[in-house]
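The next block holds one structure in the form of structure tokens; read it before the comments.
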Amino acid sequence: MCGIAGYLSLRAPASRALVQAMCDQIVHRGPDDSGYLIDGGCGLGMRRLSIIDLAGGHQPISNEDGSVWVVFNGEIFNYQELRNLLISRGHRLVTNSDTEVLVHLYEDEGTEGIARLRGMFAYAIWDARARRLMLARDRFGKKPLYYAIRPDGIYFASELKCLITAEVPLDLDRNALRFYFQFGYIPDPWSPYLAVKKLSPGGWMTFDSGGNTRQGRYWKLPPPASEPPPGLTEAAAREQLRELVDESVRIRMIADVPLGAFLSGGVDSSIVVSSMAKQSPDPVRTFSIGFKESAYNELAYAGEAARLFGCDHHEILVEPDSVSLVEKLVRHFDEPFADTAAIPTLIMSEFAARRVKVALSGDGGDELFGGYASFFAVDGFLKRFDATPAPVRHLLRSLSSALPYSAYGKNFLWMAGSSDPLQRYFEFNYPPYGVRRALLEPDWMLPAESGFLRKTLTDCFLPGESDTLAQVMYWEATANLTGDMLVKVDRMSMAASLEVRCPLLDHKLAEFAASLPHSWKIRRENGHTRGKAILTDAFSDRFPAGFLGRKKTGFEIPLAVWFRGPLRPLLEDCVNGRRFLDRGIVSPPFVRYLIDEHQRGRRDHSYQLWMLLVLEMWLRSVEAREPSLTLTAPESRPSAS
């Protein structure tokens, strides 16, 4: 695991000092080693967290004659198979690292070879003969890769702070920021800066010394199936699923350093740990955290799973310094990011990093196998509104608009009044339109219709008329997973110099999951809806009865309590202060109303307040670098161009 950065200049020789300065910003991603290449206008750099071939994996790595070079962030889990293939073709490999296969694969197959890779990665290849730079990113976007195309060339990096060091302009993309208020993150391919984009998951691009750019996709998640593959029974699918999960876990246990697992006691992490224990000769090192507030402490469940599999279990009950945590989060994300689960992810990563350098996690199970309660609502609670006559919908919308925000049921009426099932899902699962309309100045609002999102986030929607459940599952796996969940895991684990691997997001496993019908994943049984049915059934014999059937709980923190306690002064300064309220983004009276309601305990507005707090702290960090920055309203709708 590493951090990478570099550029290709069209006007002048590359500067080693600049490349090194860019990489110095991401020492946390790779504290073990560094390396640089300067070749004419091309400069490549990396910071390495040594995991495989500790002695021989120094980067940049080249082919036999030094005409192709690579800097690489991630892990290629099928590198041994690829290494043997390349040797059989006549290539001479001089290390045992997974990085070296990338240059030889590029020599033989160019961009086509990326599809052979099984892993998590972001890498840059410099083709010295063609004077061309190639960038590539893994299928789900587990590893980040930002780039900026400027008149003088292209700059790329694992984190935005590297591009800021390279003096890429910091003009804010105010249109991209509007997504933040709906989703709590800025989705790919946008960034908060006009000059910077994110390389799309499953994508590649090339940029040559003539300034010519090409982009493509080598993989997209298949759409969820409505029927099982011909001839596949559910029993056979369970067996195949079990084999795929065990294989995915096995290849992610390859490491030359201590390895462990995050264990929450939930379904996904418990299944991963069960597979690790089955395939490891030594006790699996597992890590869990809890908070002193009892409602947010699930250590008992994690301990039960650890005892079941004879793990070398480590747990900690924490009472963190919440103010310093917020400041650290803003510094590591480099852009507004409102997922509160980033806090426990950071604490867990720092805790695990004391004993291991690699940890496996259960991320991806909910998205691929139907584990979210919001999925259950699509064919349950939300579906009841499909038959509502148009005049009634209009009346419900009118009532919602007429009611003050303080009225209970206002958001329900707005959602019920929608004729678009997909829009009802977004209203149910994200900050409702009524909340955003009351909170934001009109120019900062995204349109309420899901059709707008279809046009702007095309790769995250299925073509044609798909059933709503298929569409929302595809959305969660291609937009929310990439833009939120995996960003959180990458930034927080790398802040602690810890590599996290996600076996349930192996692309072969994901493709198989997509081939299974909804009815095998989400079931209505005895008056209750059960998600991830086929996944839990496939592993049920490894657990006591009822263990995998517990109600899902999120990775939550006592944020509501913190806002009434240690975070209250910071909240008042950043969210209720004149500096933020005068920016023209939010309605000051409504912000004060949210704070007052929360502090009185009438409603829990911790998510909305957290979103605003993170935004203001991030804006202040930008202004500290760019004192002349001014924030004005968006002028047009976002586009992917």
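None of the figures in this text is laboratory data; all of them are computed from the coordinates on show. The shown structure was predicted, so the numbers you read here are calculated from the model rather than taken from an experiment. Using ideal geometry, Cβ is built from the backbone for each residue, glycine included, and neighbour counts are taken over all protein chains shown.
Couple of notes before you dig in:
- Across LYS161/LYS532; LYS220/LYS328; LYS220/LYS488; LYS278/LYS508; LYS278/LYS357; LYS383/LYS521, pairs whose alpha-carbon gap is larger than 29 Å: LYS161/LYS532; LYS220/LYS328
- Here segment 130-257 is treated as a Stokes sphere of Kirkwood radius computed over C-alpha pairs; at 20 °C and 1.002 mPa s its diffusion coefficient rounds to 120 µm²/s.
- Remark: relative contact order (segment 542-616) = 32 percent; criterion is Cα-Cα distance under 8 angstrom and separation of 6 or more residues.
- Contact order relative to length of the chain, as percent, for alpha carbon pairs under 8 angstrom and 6 or more apart: 15 percent
- Among ASP173, ASP152, sorting on how many other beta-carbon atoms sit within 10 Å of each Cβ, with the fewest leading, yields ASP152, ASP173.
- Under the span-like rule (Cα at least 20 Å along the axis, Kyte-Doolittle mean at least 0.0), DSSP H helices of the chain: 606-625
- Cα gyration tensor shape of segment 200-267, rounded if a/c is under 1.5, else prolate or oblate by comparing a/b with b/c: oblate
- Histogram of C-alpha separations across segment 2-217, 5 Å bin width, %: 1, 8, 16, 20, 21, 16, 10, 5, 2, 1, 0
- Take every Cα pair under 8 Å whose residues are at least 6 apart in sequence, average their separation, divide by the length of segment 285-348, and the relative contact order is 37 percent.
- Computed across the chain, the Kirkwood hydrodynamic radius from all distinct Cα-Cα pairs reaches 25.7 Å.
- Partner aspartates and glutamates for LYS198 [C-alpha distance under 15 Å; skip if fewer than 8 residues away on the same chain]: ASP138, GLU159, ASP173, ASP188, ASP334, GLU335, ASP459, ASP484, ASP490
- Cα gyration tensor, segment 463-514 - rounded (a/c under 1.5), prolate or oblate: oblate
- The alpha-carbon of LYS292 sits under 16 angstrom from the alpha-carbons of these aspartates and glutamates, leaving out residues fewer than 8 places away in its chain: GLU315, GLU319, ASP321, GLU556.
- Expected 222 nm ellipticity per residue - DSSP helices of 4 or more, -39500 (n - 2.57), all of the chain, to 500: -11000 deg cm²/dmol
- Each of LEU505, LEU317, LEU244 was scored by other Cβ atoms within 10 Å of its Cβ. Listed from fewest to most, they are LEU317, LEU244, LEU505.
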